[in-house]
Structure formats: C-alpha cells, structure tokens
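The values are calculated or read from the model by the stated rules, or taken from the named source; none is laboratory data. This structure is a prediction, so every number in the text was calculated from the model and none was measured. No Cβ is skipped: glycine too gets one built from the backbone with ideal geometry, and neighbour counts run over all protein chains shown. What goes into the accessible areas is simple: the full protein's heavy atoms, side chains included, and nothing from ligands, DNA or RNA. Shrake-Rupley method; radii C 1.70, N 1.55, O 1.52, S 1.80 Å.
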Amino acid sequence: QMGVAFCNAMESKNIITTIKHFISNVSEGGRDSYPAYDSQWLLRSVYFVPFEACVKSANVRSVMMAYNTLNGIPCSADSWLMEDILRKEWGFKGMIVSDYGSIDKMITFRHTAENHAQAAAAAIVSGLDVELPSNVVFGDGLPAAYRQGLVKEKDIDRAVAKLLYCKFSCGLFDDKFDVGMAGSVCDNEEHRALALEAARKSIVLLKN
C-alpha cells in the first residue's frame, strides 16, 4: 500500500517512477543478484503482489528488471516475466528497462550469451526496451543482431514505441523543448556558494 501510494504521488505528467527489481533480486541467504529458484506459488503469493499493485493501481510507466537469473533465465531476457506477466496478464503499457549493466553481465557473469549481438537479441526479443545506464551492449550489439537475423524490425519498433509512449505521456513533444530545472542550475560562483551552504547545513552529527 505504501508503494502504491508513493507511485501514485510521483506518477504525474512530468515524472515517471520506476519500480524495481523485477524479480527476486535478493534470493536465498540474502545474497544480492544471485540466482533465484522460485516456484510460481511463491512468486504469485509473495513477490509479484506489490509489483502487480503498482502496475494496476498506480499505473507506473517503467519497470526495471533484476540482475539475477530466475530459474536459470536472466530476468532481462525472460519473456515470461516481461511479456506474459507484465504486459499480457497485468496490462503494463510502459517501458521495461534493464538493471545497470545486467545485459553485459549475460556475457561476463551469467555466460548465457557469447557476445553483444547475442545478449542484445536475448534482451530485446524477450521484451526489454531500454538498456541502462548506457548503450554498452545495444550500441553495437543491436545493429549486429539485426544484420545476423537474430532480431526483427518489429522487436525494435516495439521497444521504440514503448519509449516514445513514455515521452509523449510526459508532454515532451507538446511544446518547444524546455530544459526546465536543468537550465536553471549553472556552474557559477553564486550556485557553488549555494551548494556549499546546503552541504554545510545538511550535515548531521552522530553525537551532539
């Protein structure tokens, strides 16, 4: 309920909240990003519950997939999670993004892909839309995957459409682009002094 209330408060025309990490990011033994082996009963009765509520009740527009594998499949390449559960069963219309570096980890850590083309194809064909924090894999891997026939044009169109949906829903194309707050913060003496004052006043002592 707290998560839904927070998402409802944050999800406005100009702000997109991202719920994460989908799913079972901390598994047995409290180990972050380690492989998870969870039954559908456990997923549906425990782990899916808050995510489903945020999707259906708070209408969030972004979901971040978890680092880990779920029952042997990297979450960022799991079509059951992204297409069957999120989009078809829950009606999620927003964009699905990767956890930071999780697509590259399919090669370096999970060993479920041999190169960028295979990793990019596994992710986007399964339903992922955006690689975060940058196009480390998608940058060269996605064009290579397309040339090799691992990815179809419709897969790329879907990902672009989901991203554009979120941008249009934020009103980015309604008027001439406005940098907003980004344009009001400059690297000058006045703003540096204000930042220093804020830093000094925000210090909290462990013992007074």
### Contour minus Cα-Cα distance for Ile203 and Arg31 (0.36 nm per residue)
58.7 nm
### Query
Each residue of region 143-150 in turn: what ³J(HN,Hα) in whole Hz from Karplus with 6.51, -1.76, 1.60 and θ = phi - 60°, glycine and Pro shown as x?
x, 5, 5, 5, 5, 7, x, 7
#### Entry: Relative contact order, percent, the chain [alpha-carbon distance under 8 Å, six or more residues apart]
17
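Say R0 is 30 Å: what FRET efficiency, to the nearest 0.05, do Glu52 and Leu132 get from their beta-carbon distance? Before the final figure, lay out the partial values.
Working: r = 23 Å, r/R0 = 0.76.
Given R0 = 30 Å and the Cβ-Cβ separation, E is 0.85.
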### Query
What residues from region 16-30 fall in the zone where the backbone N is under 13 Å from a label point 7 Å along the Cα-to-C-beta line of Asp38?
20-30
#### Entry: Separation in nanometres of the label points that stand 7 Å from Cα toward Cβ, at Asp174 and Ile156
3.2
### Query
Label-point separation (nm) for Trp80 and Ser45, each offset 7 Å from Cα along Cα-to-Cβ?
1.8
### Query
If each Cα of region 48-140 is one equal point scatterer, what is log10 of I(q)/I(0) from the Debye formula at q = 0.12, 0.15, 0.19 Å⁻¹?
-0.34, -0.52, -0.81
### Message
Using each residue's phi in region 18-28, evaluate 6.51 cos²θ - 1.76 cosθ + 1.60 at θ = phi - 60° and report the 3J(HN,Hα) Karplus result to the nearest Hz, with x for Gly and Pro.
### Response
10, 8, 7, 9, 9, 8, 6, 4, 10, 9, 4
### Message
Amide H of Phe22 versus every other amide H placed in the peptide plane: which residues, excluding those fewer than 5 positions away on the same chain, fall under 5 Å?
### Response
Met64, Met65, Ala66
### Restraint check, Lys56/Lys201; Lys20/Lys167; Lys105/Lys162, Cα-Cα greater than 31 Å
Lys56/Lys201
### Message
Suppose we look only past 32 Å in the calculated P(r) of the chain. What percent of the Cα-Cα pairs does that tail hold?
### Response
29
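Using a probe radius of 1.4 Å on heavy atoms only, what accessible surface per residue do you get for the chain? Whole Å² is fine. Working shown, then result.
Numbers: 12420 Å² over 208 residues.
Averaged over the residues of the chain, the accessible area is 60 Å².
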## Note on the structure
Which of Ile73, Ile124, Ile96 fluctuates most in a GNM of the chain (C-alpha springs under 10 Å)? That residue is Ile73
### Unit charges on C-beta of K, R, D, E only; dipole of the chain, Debye
340
### Query
If exposed chymotrypsin sites (Phe, Trp or Tyr not before Pro) are those in a DSSP loop with at most 14 other Cβ within 10 Å, what is the longest stretch of the chain that has none?
38-108
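Heavy atoms only, probe 1.4 Å: what % of the accessible area of region 19-128 goes to carbon and sulfur, would you let me know?
Working: 2540 of 4720 Å².
Here it works out to 54 percent.
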